[in-house]
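Asker: Pasting a structure below so you can have a look.
Derivation of every value follows stated rules applied to the coordinates shown; laboratory data play no part. Quick caveat, the model's predicted, so the values are computed rather than measured. Heads up, the Cβs are rebuilt from the backbone with ideal geometry, glycines too, and the neighbour counts pull from every protein chain shown.
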Amino acid sequence: MIINQFLILAALLFSLGVYGLLVRRNAVMVLLAVELMLNAVNINLVVFEAAIRSTLAVGQVFAIFVITVAAAEVGIGLAIVILVFRNRKSANVDELNLMKW
Amino acid sequence: MNPLLVLAAEEPAELVTSGFWVEWAGLILISPFVAFLLIVFFGKRMRYQGAEIAIGALAFNTVWATALFVLNMTRGVLYERTFEIARIGFLGGTRELVFELGWMVDGLSTMMYFLVSFVGLLVFIYAVGYMEGDVRVTWFFAAFSLFAGSMLVLVGAPNLVELIIGWEGVGLASYLLIGHYWEKKENSSAGMKAFYTNKLADVGLILGAIIVGVTLGTFSFSELSRVAAEGGSGLQTVASVAAALLFFGAMGKSAQFPLHIWLPDAMAGPTPVSALMHAATMVTGGVYLMARTFPLYQNLAEGVRPAMVVIGAITLFAVGLLALVQDDIKKVLAYSTVSQLGYMMTAVAAGGYTAGLFHLFTHAFFKALLFLGAGAVIHAVHSNNMSDMGGLRKYMPTTYWTFVVGSLALAGIFPFSGFWSKDEILATVGYEGYTFVMWVGIGGAFVTALYMMRAMALTFGGTYKGDGHPHEAPKVMTWPLIGLAVPAAFAGFLNIPGIEWPGIRNFTEWLAVRVVPMGDYHPKSVDVGLAAIGLGAALAGLAVGWWLFGRDASTQAERDRLEIPLLYPLFRKKYYIDDLALGLVWLIKAPFARAVLWINDYVIDGIVNGAGMLTRGLARFVYGGLDQRGVDLVVNGLAAATDAAGSGVRRWQSGRIQGYAASFVGGVVVLVLAVVIFR
């Protein structure tokens, strides 16, 4: 099985996520970018499993764990974003610079 | 075996040398000290502020001493118990010096036990009334117990060391009691004067004791008596030196001229203190010492005795004269005590062991009585001065009659106790060949009667010149007066030469259990001629006194009818002896003080300042060099480095999430590249 095309797709998707993470200012969009990166990883896990065909289907199982963790992370992240927005009338990541010395 | 007991083996069989009363007699010596501690710790909380403890201890002692006294009077006692405390080798270990403590029961110490306990008990009871409302009643009774206890140790001591312990204890307690009202400067000064004068004399006592101890290897009185009785021919010189030194010590305690100066000033203390001090405790210590070491003077140190007789004679006459000009009733009695001590010392020195001690015995009763009477008067009038008294016979009958008994006894009027003891002294002194001194004694009897008549007339005769209305003293004070008036009147019958009472041994016999032949003289019968002369002198004194002072002497001029141009100023100045002593002290003190000042200014100050400067220099180096430059540099450097590091690092913590993410991504990229390139 040829997996290059999937790996390239995952790499592109991951790079897109990194870009979004570093560049987008809206906190929601940053979270979305994180989701992109996680999904790129999931593609990798599933593809390598398909190539290796391990008996326990570790790749798929791990992908499901990642999706679960991602869901929890987004839940908390969005809750924080909403609270921040309520307090500051803005969800701009640049303005959230209070957590420093 | 005890040398005393070996020597006493020839004594009659009924002599008491064992048994409960003598074997536990040491309790007499201890009980006042127990009382002292109890009073100090618990006295304040008790109903009579500790007085009951003091009285209890002395009541116990009185019972015990009376038992011993009766035993001694009927059978005679002789017992000595010592405990070895230390043993010191000297002269390269060839000789040994033994230190012992213990107690002694013989005729002499039994008499003293009885006197101190009995007179002390009555004075203590009296003091409950006299000291009522005083600021320091508890402390007063504590010190009073110490006083009596020290005296009991002094008279119960079987050796010179224990005697010195009691001797110094008496000195200390007297200092405390004379200065009882220390709020007034002159009172505490009087205490110090007593202490210093006694200390000067104590030097003699201690040196004498050391000579005795080094010569004999023991301080024991019985050993001293034994050696003295043997009359070792090689010991005369050293014995004379020791005897003279011991006598010097006795001069201080027993207030012999010219060391008598402390005694009149000791009147600054409360009157019960004066009573006890003058009667049984303290001042009799010197006479007691002379009696206790009597064989030393009788057999080995005869050369010292004439000087002692002369000093005693000067004391009894010259110091007695001073009582004539005193206004303070207690000072009249004080000078009279000095004079009577002169009689005792003269008698003992002349060889009249019994005579001197008999006078000590009777004097204790009537002098305590007179002081307590004077105290009752002072209590009523609130003044010591006879010029504030007068006419008290009407107001204070009990005090008056007991005072008259005491005065007649002191003056030596037949048949009161003083007559018998004074007569025996005169007879003994005359027999021993000191005829002139005997006439001085007769003159002294005249002077005694004269000043006692003056005191009685000014105090109780005429009209009252003080303030307020005097009242008779309370019962707690009058009963001791009566209790003392009885022996003051009748004690003389115990020792009438030539008369034997059935069942009672003769005073001469029971006073000294003759462990060694004493060689002293005591008259076998009354010399009626001499007794008549002595009594005549006393009666003449009373008559002259009545003639001079009997009328109401309400003005100073009348009181000073006796004014003799040259003599009276001399009397008022106390023969300038106090000033002489002060000058002498100053002469010794001034160069010494100057030397001490010089040493202080130049040596001690130099050392102190040097040490201070050294410390300051050291401190300056430690501060400026080590602390400021060294330690501070390290500490500040550390702080600055930490500060700089912090300032540098904190710039990284911007708080911007995307910055952190960028760093993180960059780090990953670098790692990946590193893996790819260096694989």
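Asker: From the residues B:Gly356, A:Val93, B:Pro295, which one has its Cα farthest along the dipole of the protein assembly as shown in the positive direction, the dipole being from +1 and -1 charges on Cβ of Lys/Arg and Asp/Glu about the Cα centre?
Answerer: Farthest towards the positive pole: A:Val93.
Asker: Further question on the same structure: Using alpha carbon centroids, what distance separates region B:226-274 and region B:599-656, in Å?
Answerer: 69
Asker: For B:Lys185, go through the lysines and keep the ones whose alpha-carbon is under 29 Å away, minus same-chain ones fewer than eight residues off.
Answerer: B:Lys44, B:Lys193, B:Lys199, B:Lys253, B:Lys330, B:Lys331, B:Lys367, B:Lys465, B:Lys573, B:Lys574, B:Lys589
Asker: Among A:Val46, A:Leu78, A:Leu13, whose Cα lies farthest out toward the positive end of the dipole of region A:4-90, if unit charges sit on the beta carbon of Lys, Arg (+1) and Asp, Glu (-1)?
Answerer: A:Leu78
Asker: Quick one: if the Förster radius is 35 Å, what FRET efficiency do B:Phe493 and B:Trp546 give, using the C-beta to C-beta distance and rounding to 0.05?
Answerer: 0.80
Asker: Take the alpha carbon atoms of region B:297-370, find their center, do the same for region A:81-101, and report the distance between the two centers in whole angstrom.
Answerer: Between the Cα centres of region B:297-370 and region A:81-101 lies a distance of 115 Å.
Asker: Rank these for me by crowding, B:Trp64, B:Trp652, B:Trp510, going from fewest to most other beta carbons within 10 Å.
Answerer: With the fewest neighbours first, B:Trp64, B:Trp652, B:Trp510 line up as B:Trp652, B:Trp64, B:Trp510.
Asker: Within chain B, what's the longest run with no GluC sites (Glu not before Pro) in a DSSP loop and at most 10 other beta-carbon atoms within 10 Å? Give the range, please.
Answerer: Excluding the exposed sites themselves, the longest stretch runs over B:184-499.
Asker: Report the gain in length on full extension from B:Asp627 to B:Arg87: 0.36 nm times residue separation, minus Cα-Cα distance, nm rounded to one decimal.
Answerer: Stretched out fully, the B:Asp627 to B:Arg87 stretch lengthens by 188.5 nm.
Asker: Another question, if that's okay. Calculate, axis by axis, the spread of Cα positions in chain B along the three principal axes, and write the results as whole Å, longest axis first.
Answerer: Principal-axis extents of chain B (Cα, largest first): 150, 69, 53 Å.
Asker: Here is a follow-up. What dipole magnitude, in Debye to the nearest 20, does chain B give about its Cα centre under +1 on Lys/Arg Cβ and -1 on Asp/Glu Cβ?
Answerer: It works out to roughly 2280 debye.
Asker: Using r as the Cβ-Cβ distance of B:Arg136 and B:Glu96, and R0 as 35 Å, what FRET efficiency do you calculate, to the nearest 0.05?
Answerer: After rounding to 0.05, the efficiency reads 0.15.
Asker: What is the average number of partner chain Cβ atoms found within 10 Å of a Cβ in B:646-657?
Answerer: Partner-chain Cβ atoms within 10 Å, mean over residues of B:646-657: 3.
Asker: Just to be sure I understand the model, the point goes 7 Å from the Cα along the line to the Cβ. What's the resulting B:Lys199 to B:Phe592 distance in nm?
Answerer: So the two model labels end up 0.9 nm from each other.
Asker: Another question, then. If one takes the longest principal axis of the Cα atoms in chain A, at what angle in degrees, from 0 to 90 and to the nearest 10, does the Cα axis of helix A:4-23 lie?
Answerer: Result, in degrees: 10.
Asker: Using a/c under 1.5 as the rounded threshold, could you call region B:34-133 rounded, prolate or oblate? The axes a ≥ b ≥ c are square roots of the C-alpha gyration tensor eigenvalues, and prolate needs a/b larger than b/c, oblate otherwise.
Answerer: Since a/c reaches 1.5 but b/c is at least a/b, the shape of region B:34-133 is classed as oblate.
Asker: Apply 1/(1 + (r/R0)^6) to the Cβ-Cβ distance of A:Leu98 and B:Ala641, taking R0 = 30 Å, and write down the FRET efficiency to the nearest 0.05.
Answerer: With a Förster radius of 30 Å, E is 0.55.
Asker: Loop only per DSSP, at most 14 neighbouring Cβ atoms within 10 Å: give me the trypsin sites (Lys or Arg not before Pro) in region B:172-228, ordered by residue number.
Answerer: B:Lys184
Asker: Right, here's the next one. At most 12 other Cβ atoms within 10 Å and a DSSP loop assignment: could you name the trypsin sites (Lys or Arg not before Pro) in region A:7-77 that fit?
Answerer: Counting only loop positions with at most 12 other Cβ atoms within 10 Å, the trypsin sites (Lys or Arg not before Pro) in region A:7-77 are A:Arg53.
Asker: Test of understanding: what is the full-extension gain from B:Lys475 to B:Lys184, defined as 0.36 nm times their sequence separation minus their Cα-Cα distance?
Answerer: 101.7 nm
Asker: Would you be so kind as to identify which of B:Tyr113, B:Ala201, B:Tyr130 lies farthest towards the positive end of the dipole of the protein assembly as shown, taking Lys and Arg as +1 and Asp and Glu as -1 on Cβ and the Cα centre as origin?
Answerer: With unit charges placed on the Cβ atoms, the residue in question is B:Tyr130.
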